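Below is one structure, written out as structure tokens, with a few remarks after it.
The values are calculated or read from the model by the stated rules, or taken from the named source; none is laboratory data. As the structure is a computational prediction, the values presented were derived from the model and not from experiment. Don't worry about glycine lacking a Cβ; one is built from the backbone with ideal geometry, like all the others, and counts go over all protein chains shown.
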Amino acid sequence: RKEVEQDPGPFNVPEGATVAFNCTYSNSASQSFFWYRQDCRKEPKLLMSVYSSGNEDGRFTAQLNRASQYISLLIRDSKLSDSATYLCVVNGGTSYGKLTFGQGTILTVHP
Amino acid sequence: DGGITQSPKYLFRKEGQNVTLSCEQNLNHDAMYWYRQDPGQGLRLIYYSQIVNDFQKGDIAEGYSVSREKKESFPLTVTSAQKNPTAFYLCASSIFGEGETQYFGPGTRLLVL
């Protein structure tokens with residue numbers, strides 16, 4: 001089993017749609033969780049951290065379920081500019097901050 | 001502007017050649033990391049350093065070497081022992097400590113001739 005597994009995708013949605021990505025992690029000792037966004041041939045950039053209570057940033061909502069070891073990202077009112085690969089990232093619970101990355105889910109928003 | 005820079009953007013390696021990828025940050029971060037990304041795969045950790053003059057192997061260190069002589073700099077050498085070096089190499093840095101956000105440089109794309 002992979003340490004971090006994401007929906008295989010790709011997701012192709014029209015502008016204005018709501019889309020949800022799921023991610024599961026295997027290390028129950030993990031303490032920190034993130035969603036990064038990566039544009040084609042660019043570096044990953046932090047989209048948002050994920051907190052136990054859930055958190056929202058504009059059109060983006062992240063949820064964490066520690067009991068099920070599950071993370072989600074919801075994007076409302078999709079824009080063309082949301083087209084990218086979304087990476088689920090989990091801190092391995094180690095002192096040196098090792099991050100484990102999912103393989104990413106490709107989102108394409110079309111007119 | 002604060003940030004992480006990587007050079008070159010593209011690098012070509014001949015068989016049997018060692019090449020060095022540069023990574024510099026002016027964020028005053030203690031920790032620095034090197035990752036490799038292959039198409040359709042997640043990032044994999046090559047080496048990391050939590051403090052100057054100290055570094056540790058990550059998950060795929062074979063065929064790579066690093067140094068950390070200055071806080072700002074963490075160069076990665078891809079040696080001839082790395083048999084499949086073609087990949088996108090990403091350097092990152094963070095404040096030292098568990099759970100701290102890592103910030104990435106723009107990456108170097110290495111191709112073998």
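At-a-glance table
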read-out	value
Every residue from the range B:22-40 that is touching a residue at least 12 places away in the same chain (Cβ under 8 Å) and outside any strand (DSSP E or B)	B:Asn26, B:Leu27, B:Asn28, B:His29, B:Asp30, B:Asp38
Test: residue in the range B:92-110 that is crowded, with 16+ Cβ neighbours inside 10 Å, farther than 27 Å from A:Ser49 by Cβ and aliphatic (A, V, I, L, M)	yes
The range A:3-31, residues that are free of Cβ contacts under 8 Å to residues at least 60 places away in the same chain and either of a type outside the set (A, V, I, L, M) or closer than 20 Å to B:Cys91 by Cα (or both)	A:Asn22, A:Thr24, A:Ser26, A:Ser28
Failed item in (1) within 23 Å of A:Gln31 (Cα to Cα); (2) surrounded by fewer than 21 Cβ atoms within 10 Å (Cβ to Cβ); (3) in contact (Cβ under 8 Å) with a residue 60 or more places away in the chain, with B:Val19 passing the rest	(1)
Hey, B:Ser67 closer than 19 Å to A:Lys42 by Cα, among the polar types (S, T, N, Q) and surrounded by 14 or more Cβ atoms within 10 Å (Cβ to Cβ) or not	no
Count of the range B:89-113 residues which are under 18 Å from B:Ile4 (Cα atoms) and either more than 8 Å from chain A (Cβ to nearest Cβ) or of a type outside the set (A, V, I, L, M, F, W, C) (or both)	15
Matching residues, the range B:62-113, being of a type in the set (Phe, Trp, Tyr) and under 13 Å from the mean Cα position of the chain (by Cα)	B:Tyr64, B:Phe74, B:Phe88, B:Tyr89, B:Tyr103, B:Phe104
Qualifying positions in the range B:41-94 - closer than 27 Å to A:Gln103 by Cβ, part of a loop (DSSP other than H, G, I, E, B) and small (Gly, Ala, Ser)	B:Gly42, B:Gly58, B:Ala61, B:Gly63, B:Ala81
Candidates B:Val112, B:Val52, B:Val66, B:Val19, filtered to the one that is in contact with a Phe, Trp or Tyr (Cβ under 6 Å, 6 or more places away or on another chain) and of a type in the set (Val, Ile, Thr)	B:Val66
Qualifying residue in the range A:81-100 (condition: touching a helix residue (DSSP H, G or I) at 6+ places or on another chain (Cβ under 8 Å), more than 9 Å from every other protein chain (Cβ to nearest Cβ) and buried (at least 19 other Cβ atoms within 10 Å of the Cβ))	no
Single residue of the range A:1-35 satisfying the filter (in a loop (DSSP other than H, G, I, E, B) and acidic (Asp, Glu)) that is surrounded by the fewest Cβ atoms within 10 Å (Cβ to Cβ)	A:Glu15
Meets criteria (modelled with pLDDT of 95 or more, at positive phi and not hydrophobic (A, V, I, L, M, F, W, C)) for B:Gly107	yes
Output for the range A:65-80, where each listed residue is surrounded by 21 or more Cβ atoms within 10 Å (Cβ to Cβ) and within 13 Å of the chain's Cα centre (by Cα)	A:Ile71, A:Leu73, A:Ile75
Those residues of the range A:55-76 which are among the charged types (D, E, K, R) and without any contact (Cβ under 8 Å) to a residue 40 or more places away in the chain, in sequence order	A:Glu56, A:Asp57, A:Arg59, A:Arg66
In the range B:47-66, the residues that are closer than 20 Å to B:Arg13 by Cα and away from chain A (no Cβ under 14 Å)	B:Glu62, B:Gly63, B:Tyr64, B:Ser65, B:Val66
